[in-house]
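Notes for the one structure printed next.
The values are calculated or read from the model by the stated rules, or taken from the named source; none is laboratory data. Quick caveat, the model's predicted, so the values are computed rather than measured. Every residue, glycine among them, receives a Cβ derived from its backbone with ideal geometry; neighbour counts consider all protein chains shown. When the accessible area is computed, the model is the full protein with side chains, heavy atoms only, and any ligands, DNA or RNA have been set aside. Shrake-Rupley method; radii C 1.70, N 1.55, O 1.52, S 1.80 Å.
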Amino acid sequence: ILHSGMEEDADLQFLLSGGDLLKIRSNSWKKHRFYKLNEDCKTMWYKSHKTLRPSNPTCESFLFESVRLGRQTEGLRKNTDDKVEGQAFSIMFKSRRKNLDLIASSEEEAKQWVAGLEKIISHMSKLNPQQKTGHWIFNSMCKADKNCDNKMSLKELKSFLQDINIEIDDEYAQELFEKCDHSQGGYLEGEEIEHFYKILTEREEIDVIYTTYAKTNGFMSAENLLEFLQKEQREPASLSDALILIDKYELDGSAKEKKLMTKDGFLMYLHQMEGLIFNPAHKGVHQDMTQPLSHYFISSSHNTYLLEDQLKGPSSTEAYVRALMKSCRCVELDCWDGSDGEPVIYHGYTLTSKILFKDAVQAIKDYAFKVSYVVLLCNNLLKQTSEYPVILSLECHCSVDQQKVMAQHMIAILGSALVTKPLGDQMPKDFPSPEELKGRFLIKGKRLNKLEDCFTPDASAIEDDDVTEEEESGGEESQEERKEEKPKDKKLKLAKELSDIVIYCKSVHFHGFEDAAARSFYEMSSFKESTAMNLAQDSANKYIQHNVEKLSRVYPAGTRTDSSNYNPVPLWNGGCQMVALNFQTPGLEMDLNQGCFLSNGKSGYILKPAYLMDKDTEFDPVTLTRGGWLKPKTFHVMVISAQQLPKLSKKSTSIVDPLVKVQVFGVPDDVAAKETDYIENNGFSPMWNANFQFHVCVPELALVRFLVEDYDSMTDNDFIGQYTLPFTSLQNGYRHVPLLDKNGDILPCAGLFVHIMVLDD
């Protein structure tokens, strides 16, 4: 970054000099710390006092997600006064690490911290893979240079190799060292270190591919590249497409001028969007968004307010922010009477902490359709979460008076974005589309009267009345499981004001498919996990037909007090739109959810296949009878290699033994998994060249997951990284696969290199 035109930037120089900030953890824990950006422009460290040596913990800017100016976090609003609004700022992390709340000595200083950090974050996000690798290797070299003399001894070289996840024997280390030590001085420096870097980052598998097609004086011409694109990548490319790739990704100016691609340019292309496994045509919104709401899978969260478990974990508005920023489009609010007439949100009958209902609604309003401006030198870069509708699923246990307060808050905070009456001038016969509901909020909850009454002149005559409480979201259901004395059909008096803003998502009990078929389209049911799983298994076709015209929400069993999740795939196969998961709990289930909603612009809405939108469909994912849904494919995958896998242990001598699992999820007949052997002591550049073959019958419902683990002969393998994507978003040919950590965030330098071939059976 110091060599990218920013070395004279005032904000960057300010960060390199550092300054005193007040760190806020609670109302009673507020301490001064000296923060400073390291010369690597990647890490920041702090110390309690300038006279003390720096503390070991550092913050990596690769892990920074954003910086917020002002008291925009729950911690700052709760633990500081309004008067420090302009001096406050927060650093948000990609991982589940708590945000860092800070107070500067002045508003000007706070703005400078924020401006500088935003430039760093934006710059890091723009690094290409080679730059990220170089950045990472450079920092590891600096770490290995114990005496800071900018030279590398044999001992330091061994330490460096261990740090980047390579275990080599002493004889090979000596041979590598002597090969680069041209001066025979007993250490490496300058060009010798550059030589060592080139040897280290050499990609043998890329060399083989490039050499095969570099038929023009050792380089790839546009015609050679076109041959590669058509023959290996199976793309309907033209000569013009090849020339565009050379112009975009060739690094050598002389080669570019001659319309040639060097090996470095070829590697750059393979690391970019066009060379990744995920089809770039699916990166944006590419599906028909004008279908009724019931024709989409909708990314949904359970007990969204929780950061941890269901019994004593903290509740936070930040949990809503995190879910929404991951394009969740259905959030849950578990509402109870609070003090001072203000409703609160928490998991009832438990020790989970409480947050104000109005604060949660405000956070939802602020981040549902968030547009953030990231400053990069003179350019403003726009980043927006999904613009498609957000559904607020209410689990209401409040008194009538506090229900009225809830309604008042939602109307006041959400304003004109809140849907308070059906769209159009006449009673609709079906749901509006996501396109029609862009930027709008829908309320899911109980309603006293029919939606048709919105068009009846005397509808205002309806008064508060009793309704049966919803069995919902593991809250009510789990309380019934824990409190047997609670009546099954407890009556709750419902305020008219709250009832009136429930449009399109009226909650009703499910009493069977025949009863549901007689109900209006806007009357929807929530299903606990076990009930939904049974329906998806034993009555799959009827469940699918039900979900063509009705909305269904599924929630985890009340016994999942640890906030664990269930497999969402069978419920998607059954046409369920809102398969709600605990977003705060990483694991396979959330990987599948993130993979399912990866395409269509990460909008949180995925259009169902045609056979899940047909009310007369005969599709059954369990019996899998013949029909248009059967589009059998043979899926060939060759796992070639991996690059820069992260170390799992802080011990310098601990090196991973990686293996790769390729898993297919979908209808029962398509579920399969295969794995490579493990490679001993090499996380930097392991190579497998392992071939697998899968048969996929219903590709439109299939997901593919690449899982990398650290082999352990004594215990379960340890998770290293994974990537999940829709089967229909696979690209053929030689492709790089990015890897995500357990929280679903990108691992900056790590990845797989594979060859994909999908063929019609």
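Here are a few things to note about the model shown:
- Distant-in-sequence amide H partners of LYS446 (H built 1.01 Å from N, under 5 Å): SER507
- Residue among HIS195, HIS182, TYR210 farthest towards the positive dipole end of region 182-245, charges placed on Cβ: TYR210
- Extending 7 Å from Cα along the Cβ direction at SER28 and again at ARG234 yields two label points whose distance is 6.4 nm.
- Viscosity 1.306 mPa s, 10 °C: Kirkwood-radius Stokes-Einstein D of region 566-630 over Cα pairs, µm²/s: 120 µm²/s
- With the convex hull drawn over the C-alpha atoms of region 700-761, the volume per residue is 128 Å³.
- Scattering from region 306-346 was approximated by placing one identical point on each alpha carbon and applying the Debye formula without solvent; log10 I(q)/I(0) at 0.15, 0.16, 0.19 1/Å stands at -0.42, -0.48, -0.65.
- Cross-link pairs exceeding 21 Å between alpha carbons, from the set LYS215/LYS259; LYS198/LYS231; LYS98/LYS354; LYS31/LYS98; LYS248/LYS742: LYS198/LYS231; LYS248/LYS742.
- Between the amide H of VAL579 and those of ILE298, SER300, VAL554, distances stay under 5 Å, these residues lying 5 or more places away or on another chain, with hydrogens modeled in the peptide plane.
- Residues in region 171-187 reached by a label modelled at PHE138 [backbone nitrogen below 18 Å; 7 Å Cα→Cβ]: none
- Placing unit charges on the Cβ atoms only, positive for Lys and Arg and negative for Asp and Glu, gives region 592-740 a dipole magnitude near 520 debye about its Cα centre.
- With the convex hull of its Cα atoms as the shape, region 242-396 has an orientation-averaged projected area of 14.5 nm².
- The 3J(HN,Hα) values that the Karplus relation (6.51, -1.76, 1.60; θ = phi - 60°) gives for region 547-562 are, in residue order, 7, 6, 10, 10, 8, 10, 10, 10, 9, x, 4, x, 6, 7, 5, 8 Hz. Gly and Pro appear as x.
- Segment THR420-SER122, extension gain: residue separation times 0.36 nm, minus the distance between their alpha carbons: 103.4 nm
- Surface accessible to a 1.4 Å probe, per residue, for the residues of the chain, Å²: 44 Å²
- Divided by 2.2 N^0.38 Å, where N counts the residues, the Cα radius of gyration of region 615-737 comes to 1.26.
- Accessible area per residue (1.4 Å probe, heavy atoms of protein chains only) ranks ILE746, ILE355 as ILE746, ILE355, with the largest value leading.
- Normalised contact order of region 621-761, rounded percent, pairs of Cα under 8 Å and 6 or more residues apart: 31 percent
- Surface accessible to a 1.4 Å probe, GLU107 within the full protein complex, Å²: 90 Å²
- Principal-axis tilt of helix 357-367 within the chain, Cα atoms, nearest 10 degrees: 50 degrees
- Along region 688-705 the Karplus relation, 6.51 cos²θ - 1.76 cosθ + 1.60 evaluated at θ = phi - 60°, assigns HN-Hα couplings of 10, 6, 9, 9, 10, 9, 10, 10, 10, 8, 10, x, 5, 10, 9, 10, 10, 10 Hz to successive residues, with x for each Gly and Pro.
- Compared with the dominant Cα axis of the chain, that is its longest principal axis, helix 129-144 is turned about 70°.
- Taking amide hydrogens as placed 1.01 Å from N in the peptide plane, the amide H of TYR388 sits under 5 Å from those of GLY439, each at least 5 positions away in sequence or on another chain.
- Taking 19 Å as the cut-off, the amide N atoms of region 288-315 that come nearer than this to a point 7 Å along the Cα-to-beta-carbon line of ASP430 belong to 288-298.
- Hz values of 3J(HN,Hα) by residue in region 494-502 - Karplus curve (6.51, -1.76, 1.60), Gly and Pro given as x: 10, 6, 4, 4, 6, 4, 5, 9, 8
- Residues PHE510, PHE34, ordered by accessible area of protein heavy atoms at a 1.4 angstrom probe radius and largest first, appear as PHE510, PHE34.
- Rounded accessible area of GLU202 (nearest 10 Å², 1.4 Å probe): 120 Å²
- Within the accessible area of the chain (1.4 Å probe), percent carbon and sulfur: 49 percent
- Directionally averaged projected area (the chain, Cα convex hull): 36.7 nm².
- Of the residues TYR555, TYR46, the one with the largest accessible area comes first in the ranking TYR46, TYR555, computed with a 1.4 Å probe on protein heavy atoms.
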